[in-house]
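Engineer: So that we are looking at the same thing, I have put the structure below in structure tokens.
The values are calculated or read from the model by the stated rules, or taken from the named source; none is laboratory data. As the structure is a computational prediction, the values presented were derived from the model and not from experiment. Virtual Cβ from ideal backbone geometry, glycine too; neighbours counted across all protein chains shown.
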Amino acid sequence: MIKIDIKYLAKELNLAISTVSRALRDSHEISAETKEKVFALAKRLNYQPNANASGLRGQKTKMIAVVIPEMVNDFFSLVISGIEKVTQAQGYHILLYFTHGDHALEVSFINTLANGRVDGVLLSITDEHNDNSHLELLNKKGIPLVLFDRVSERMDNVKVTTDNYDSGILATRHLIDMGCKKIGYLKIHKNIPVGTIRMNGYLDALKKHSAQKVPLVLECPSGNDEAFESIRRMLVAEKPDGIFASVEKLAVICYRVCEQIRLHIPQDIRIISFSNLHTASLLNPSLTTITQPAFEIGETAAKALLRIIQKKGGYNAGGNVVLQSRLIKRNSTAR
């Protein structure tokens, strides 16, 4: 029976043993292309590292992995700050991994981390509808995992989220109260659960509090140019007088569209968005937002993870936490 070890992987890939070893440790010295080849073969052959040789099992690394979808985002920047406040106070360091919305990259990162490189993982998933077997692997290997913001309801791990459904109702009610008769919802393009939950709040608010009979939902492409064109077509054809953007990126694009087609905010159309943008108050006009407690999300998720690590609790120890968002009224929805 063939022994699947680093030496065997190196021979199959025609690489140096040291190169394969560093690739499996996700070293910055190794190119992404080489890492991908090594990870793919290791997964196909079900390679398992020698715990005694690696020295990682049975001893703490004092490292926490934070896996998030985006690098440049005010929300995640604040989350990371909250995580750092908690982890640094207890002598832990964080490793940041950016998936850029790519599920395959998320799987690659998690499979690497499952080999014992960190004491625990904080994760905001890329896509709810993909296979979660890589996350179950962490549970199986006893590596604590806490999910935050973008979570999978199929996982029993601790989840830290905000009141997305209630906030969806709140945002829609605010537009209705400001006199909007035809409200459009801009949904982020991808199977991201928070977008659907916020949309459900929008739909239910229309049923209960508005005379608008037909919802106006636009699922926006991920590319900025494509999203711009989709929003432009919708505003021209449907002529809504209110827009609820599920994420700040779509609200900013909507501002650009309104400028191009000469719609005045808030005289012709009112806009509200989920957003943690520091510049929301500086936009012209200032943007009304549903603002999430991003820093507190980071703090809460980090505390939950360290509680599991230090007290050796189960992977769902402490239960789920739902934090409250705030409506901040500004000029984009003024009468």
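Engineer: Pairs please, first residue from the stretch 20-36 and more than 10 Å from Ile6 (Cβ to Cβ), second anywhere and among the charged types (D, E, K, R) and part of a loop (DSSP other than H, G, I, E, B), Cβ atoms under 8 Å, 6+ apart in sequence or on different chains.
Structural biologist: Taking only residues 6 or more apart or on different chains, the pairs are Arg22/Glu29; Arg25/Arg117; Asp26/Arg117; Lys35/Asp26.
Engineer: Determine, yes or no, whether Ile68 is in contact (Cβ under 8 Å) with a residue 24 or more places away in the chain, surrounded by 22 or more Cβ atoms within 10 Å (Cβ to Cβ), in contact with a helix residue (DSSP H, G or I) (Cβ under 9 Å, 6 or more places away or on another chain) and under 19 Å from Ile297 (Cβ atoms). Even if it seems obvious, please write down each step before you answer.
Structural biologist: On the way: in contact (Cβ under 8 Å) with a residue 24 or more places away in the chain: yes; surrounded by 22 or more Cβ atoms within 10 Å (Cβ to Cβ): yes; in contact with a helix residue (DSSP H, G or I) (Cβ under 9 Å, 6 or more places away or on another chain): yes; under 19 Å from Ile297 (Cβ atoms): yes.
Here the answer is yes, as Ile68 does meet what is asked.
Engineer: Can you name the residue in the stretch 300-321 that is of a type in the set (S, T, N, Q) and over 21 Å from His93 (Cα atoms) and is also modelled with the highest pLDDT among such residues? Before you say what the answer is, go through the steps one by one.
Structural biologist: To start, the set of residues in the stretch 300-321 that are of a type in the set (S, T, N, Q) comprises 300, 310, 316, 320.
Filter again for over 21 Å from His93 (Cα atoms), leaving 316, 320.
Numbers: Asn316: 60, Asn320: 90.
The residue in question is Asn320.
Engineer: Would you pick out the residues in the stretch 228-248 that are part of a helix (DSSP H, G or I), free of Cβ contacts under 8 Å to residues at least 60 places away in the same chain and not polar (S, T, N, Q)?
Structural biologist: First, pick out the residues of the stretch 228-248 that are part of a helix (DSSP H, G or I): 228-238, 248.
Add one more test, that the residue is free of Cβ contacts under 8 Å to residues at least 60 places away in the same chain, and what stays is 228-238.
Correct list: Phe228, Glu229, Ile231, Arg232, Arg233, Met234, Leu235, Val236, Ala237, Glu238.
For every residue, the table says whether it meets (1) more than 23 Å from the chain's Cα centre (by Cα); (2) not hydrophobic (A, V, I, L, M, F, W, C).
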site	(1), (2)
Lys181	yes, yes
Leu186	no, no
His189	no, yes
Val194	no, no
Met199	no, no
Gln212	yes, yes
Glu219	no, yes
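Engineer: So which residues in the stretch 213-227 are surrounded by fewer than 18 Cβ atoms within 10 Å (Cβ to Cβ) and in contact (Cβ under 8 Å) with a residue 24 or more places away in the chain?
Structural biologist: Pro215, Val217, Glu219, Pro221, Ser222, Asn224
Engineer: Here's another thing I want to ask about it. Does the stretch 204-227 hold any residues that are part of a loop (DSSP other than H, G, I, E, B) and under 12 Å from Thr172 (Cβ atoms), and which are they?
Structural biologist: Here is the first cut: in the stretch 204-227, the ones part of a loop (DSSP other than H, G, I, E, B) are 210-215, 221-223.
Those that are part of a loop (DSSP other than H, G, I, E, B) and under 12 Å from Thr172 (Cβ atoms): Ser210, Gln212, Pro215.
Engineer: Follow-up. Could you grab me the full set of residues in the stretch 62-88 that are under 16 Å from Val118 (Cβ atoms) and of a type in the set (S, T, N, Q)? Talk me through it step by step, then tell me what you get.
Structural biologist: Taking the stretch 62-88 and keeping what is under 16 Å from Val118 (Cβ atoms), we get 62-68, 80, 83-84, 86-88.
Scanning the stretch 62-88 gives Thr87, Gln88.
Engineer: Pull up the stretch 260-299, narrow it to residues that are buried (at least 24 other Cβ atoms within 10 Å of the Cβ) and hydroxyl-bearing (Ser, Thr, Tyr), then point me to the one that is farthest from Asn73 (Cα to Cα).
Structural biologist: Only one residue tops the list, namely Thr288.
Engineer: Six or more apart or on different chains, Cβ under 7 Å: which pairs go from a residue in the stretch 153-166 that's without any contact (Cβ under 8 Å) to a residue 24 or more places away in the chain to one that's of a type in the set (A, V, I, L, M, F, W, C)? Could you list them?
Structural biologist: If the second residue must be of a type in the set (A, V, I, L, M, F, W, C), the pairs left are Met155/Leu135; Met155/Leu147.
Engineer: With respect to the numbered conditions (1) touching a helix residue (DSSP H, G or I) at 6+ places or on another chain (Cβ under 7 Å); (2) part of a helix (DSSP H, G or I); (3) under 26 Å from Met199 (Cβ atoms), which one is the sole condition not fulfilled by Tyr255?
Structural biologist: (1)
Engineer: Further question: Out of Arg270, Arg326, which single residue is in contact with a Cys (Cβ under 8 Å, 6 or more places away or on another chain) and on the phi < 0 side of the Ramachandran plot?
Structural biologist: Arg270
Engineer: Output the residues belonging to the stretch 178-200 that are outside any helix (DSSP H, G or I) and either of a type in the set (D, E, K, R) or on the phi > 0 side of the Ramachandran plot (or both).
Structural biologist: The first filter runs over the stretch 178-200 and keeps only residues outside any helix (DSSP H, G or I), leaving 178-192.
Within the stretch 178-200, Gly179, Lys181, Lys182, Lys187, Lys190 meet the criteria.
Engineer: Just to be sure, is Lys207 surrounded by 18 or more Cβ atoms within 10 Å (Cβ to Cβ) and either under 27 Å from Leu323 (Cα atoms) or at pLDDT 95 or above (or both)? Can you show your working first?
Structural biologist: Details: surrounded by 18 or more Cβ atoms within 10 Å (Cβ to Cβ): no; either under 27 Å from Leu323 (Cα atoms) or at pLDDT 95 or above (or both): yes.
So Lys207 fails the test.
Engineer: What about Asp149, is it of a type outside the set (S, T, N, Q), closer than 17 Å to Glu248 by Cα and exposed (fewer than 15 other Cβ atoms within 10 Å of the Cβ)?
Structural biologist: Numbers: of a type outside the set (S, T, N, Q): yes; closer than 17 Å to Glu248 by Cα: yes; exposed (fewer than 15 other Cβ atoms within 10 Å of the Cβ): no.
Criteria not met by Asp149.
Engineer: Identify, from the list Ile169, Ile197, Ile265, Ile253, the residue that is in contact (Cβ under 8 Å) with a residue 40 or more places away in the chain and either β-branched (Val, Ile, Thr) or more than 20 Å from Asn276 (Cα to Cα) (or both). Don't jump to the end; show me each part of the working.
Structural biologist: On the way: Ile169 fails: in contact (Cβ under 8 Å) with a residue 40 or more places away in the chain; Ile197 fails: in contact (Cβ under 8 Å) with a residue 40 or more places away in the chain; Ile253 fails: in contact (Cβ under 8 Å) with a residue 40 or more places away in the chain.
Residue meeting the stated conditions: Ile265.
Engineer: Taking Asn132 as meeting all but one of (1) surrounded by fewer than 21 Cβ atoms within 10 Å (Cβ to Cβ); (2) closer than 17 Å to Pro193 by Cβ; (3) at pLDDT 95 or above, write down the number of the exception.
Structural biologist: All conditions are met except number (3).
Engineer: To continue, here is another question. Residues being assigned to a loop (DSSP other than H, G, I, E, B) and surrounded by 18 or more Cβ atoms within 10 Å (Cβ to Cβ): count how many of those fall in the stretch 153-177. Please lay out each step first, then the result.
Structural biologist: Pass one, the stretch 153-177, residues assigned to a loop (DSSP other than H, G, I, E, B): 153-158, 163.
Narrowing the set further to residues that are surrounded by 18 or more Cβ atoms within 10 Å (Cβ to Cβ) leaves 155, 157-158.
Within the stretch 153-177, residues that are assigned to a loop (DSSP other than H, G, I, E, B) and surrounded by 18 or more Cβ atoms within 10 Å (Cβ to Cβ) number 3.
Engineer: Across the stretch 20-59, which residue is surrounded by the most Cβ atoms within 10 Å (Cβ to Cβ) among those that are modelled with pLDDT under 75 and basic (Lys, Arg)? Let's see the steps before the verdict.
Structural biologist: So the first thing to find is which residues in the stretch 20-59 are modelled with pLDDT under 75, and the list is 25-28, 48-59.
Still in the running and basic (Lys, Arg): 25, 57.
Working: Arg25: 17, Arg57: 14.
Filtering first and then ranking leaves Arg25.
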